[in-house]
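The values are calculated or read from the model by the stated rules, or taken from the named source; none is laboratory data. Computed from a predicted structure; not experimentally measured. Glycine also receives a Cβ, built like all others from the backbone with ideal geometry; neighbour counts cover every protein chain displayed. Surface areas here come from the heavy atoms of the whole protein model, side chains and all, with no ligands, DNA or RNA. Shrake-Rupley method; radii C 1.70, N 1.55, O 1.52, S 1.80 Å.
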Amino acid sequence: MKLGSAISCSLLLCALTSAGAQNTPTTSTNAKTAETTISVPGGAGATVTSSGTAGAGPIIGFQVSQLDNYFISSFFTISPPQSVSGQLPTGTQTVSADQGNFGAFLLTPPGQGTSYSFAGNRMFGFQSMKAKGCISAQTKSTTAKAAAVAAGNTTGDLVESGCAIYVGFGGRGGVTNTTWVGQVTGGNNQSKSGTVAFITFPELVVTSKTYVSPISSSAAGAANQNNQYQFGVSFGPSWRFIGGDLAQGQSTSTTPTFRSQMLGTDKTSFFSPEVTFFVKMNEFKPYFRFSHFSQPKADQPIPGFTGSQFVFGVDVTSAIFQTKPGS
């Protein structure tokens with residue numbers, strides 16, 4: 001089993017399987033509610049793979065969410081395309097000695113360079129055996145807000161859901177521009193541009209409810225803040241696709257394609273089941289993901305891609321601004 005490692009500070013994957021909890025600013029009256037939240041996240045992302053390749057770029061996106069109900073997001077990055085390099089096959093080799101660089105890139109297409117990605121989910125609450133009823137955070141918050149308004153407080157309070165767990169469905173996908181550079185048989189340098197796309201759909205998503213810590217304030221009058229926590233797992237079929245100039249042509253007995261010499265196969269589409277375990281802590285979501293892409297027929301295994309692979313990472317999201325409809 002080969003262990004692949006990726007540490008990602010991107011805004012893309014926070015939408016993978018979370019139930020849409022947002023860490024919005026609060027006032028001294030605890031103005032957080034489970035109403036629909038529209039936000040525009042922005043910042044920068046960085047990815048480091050097990051092969052040592054790295055990339056970074058600005059990110060901006062759009063999110064719509066409702067606590068423990070649904071989450072939809074869309075993100076863009078605009079910077080030079082991610083470049084992956086390889087060396088001339090040596091000795092009796094027919095594939096680049098740096099094949100693992102291309103395999104790792106295909107396994108976890110980064111959200112850097114020029115890319116677009118999207119993700120979302122829809123969750124449904126289920127009560128525990130001992131619970132008297134499963135009341136969503138949205139319903140409880142609406143009720144609490146109505147009572148607060150009647151008492152003269154126009155903000156209301158955020159309350160936890162009465163549901164024990166949430167089960168739903170979701171998906172994610174994206175496309176990244178890339179340039180592959182390397183020496184091929186004969187010693188010629190080549191460079192080809194293309195795209196690497198991924199999609200995981202449909203995903204079965206199971207999470208705990210979003211736990212909300214009590215609000216607190218310091219004697220000096222520091223801003224109050226609710227902390228939110230959630231645990232979950234998702235499972236679904238996943239595909240990787242190679243497109244553009246990189247996907248052109250098929251190898252012959254005398255003329256192998258650039259793609260086959262760098263990656264080790266002429267295939268342009270790959271399938272694997274994927275399972276992801278995660279913990280959501282305010283804006284942070286550490287996770288690890290397991291996949292198993294099969295070895296292409298008549299080809300050798302692709303280091304960093306085929307077989308059982310684990311990817312470890314942490315996602316961070318922060319909104320430039322956010323609002324609630326009608327506010």
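Please state which of the following conditions residue 240 fails to meet, knowing it meets all the rest: (1) at pLDDT below 95; (2) under 27 Å from residue 81 (Cα atoms); (3) basic (Lys, Arg); (4) open to solvent by less than 20 Å² (accessible area, probe 1.4 Å).
Evaluating residue 240 over (1) at pLDDT below 95; (2) under 27 Å from residue 81 (Cα atoms); (3) basic (Lys, Arg); (4) open to solvent by less than 20 Å² (accessible area, probe 1.4 Å) leaves (1) as the failure.
Go through (1) polar (S, T, N, Q); (2) at pLDDT 95 or above; (3) farther than 27 Å from residue 210 by Cα for residue 276 and report which single condition fails.
(3)
Would you check if residue 213 is modelled with pLDDT under 95, surrounded by fewer than 19 Cβ atoms within 10 Å (Cβ to Cβ) and out of contact with any Phe, Trp or Tyr (no Cβ under 7 Å at 6 or more places or on another chain)? Explain how you work it out, then say what you get.
Details: modelled with pLDDT under 95: yes; surrounded by fewer than 19 Cβ atoms within 10 Å (Cβ to Cβ): yes; out of contact with any Phe, Trp or Tyr (no Cβ under 7 Å at 6 or more places or on another chain): yes.
Spelling it out, residue 213 is indeed modelled with pLDDT under 95, surrounded by fewer than 19 Cβ atoms within 10 Å (Cβ to Cβ) and out of contact with any Phe, Trp or Tyr (no Cβ under 7 Å at 6 or more places or on another chain).
Yes or no: residue 76 within 21 Å of residue 243 (Cβ to Cβ) and open to solvent by less than 20 Å² (accessible area, probe 1.4 Å)? Please lay out each step first, then the result.
Working: within 21 Å of residue 243 (Cβ to Cβ): yes; open to solvent by less than 20 Å² (accessible area, probe 1.4 Å): no.
When the stated conditions are applied, residue 76 does not pass them.
Out of curiosity, is residue 134 at pLDDT 75 or above and either out of contact with any Lys or Arg (no Cβ under 7 Å at 6 or more places or on another chain) or closer than 30 Å to residue 300 by Cβ (or both)? Walk me through how you get there before you give the answer.
Values: at pLDDT 75 or above: yes; either out of contact with any Lys or Arg (no Cβ under 7 Å at 6 or more places or on another chain) or closer than 30 Å to residue 300 by Cβ (or both): yes.
Against the criterion (at pLDDT 75 or above and either out of contact with any Lys or Arg (no Cβ under 7 Å at 6 or more places or on another chain) or closer than 30 Å to residue 300 by Cβ (or both)), residue 134 qualifies.
When you scan the range 247-303, how many residues do you find that are without any contact (Cβ under 8 Å) to a residue 24 or more places away in the chain, open to solvent by less than 50 Å² (accessible area, probe 1.4 Å) and of a type in the set (Val, Ile, Thr)?
Selection size over the range 247-303: 1.
Name the residues in the range 99-127 that are over 30 Å from residue 169 (Cα atoms) and either among the small types (Gly, Ala, Ser) or surrounded by fewer than 20 Cβ atoms within 10 Å (Cβ to Cβ) (or both), would you?
Residues of the range 99-127 that are over 30 Å from residue 169 (Cα atoms), as a first pass: 99-102.
Scanning the range 99-127 gives a single hit, 100.
Yes or no: residue 145 among the basic types (Lys, Arg), more than 18 Å from residue 66 (Cβ to Cβ), at pLDDT below 90 and open to solvent by 40 Å² or more (accessible area, probe 1.4 Å)?
Details: among the basic types (Lys, Arg): yes; more than 18 Å from residue 66 (Cβ to Cβ): no; at pLDDT below 90: yes; open to solvent by 40 Å² or more (accessible area, probe 1.4 Å): yes.
When the stated conditions are applied, residue 145 does not pass them.
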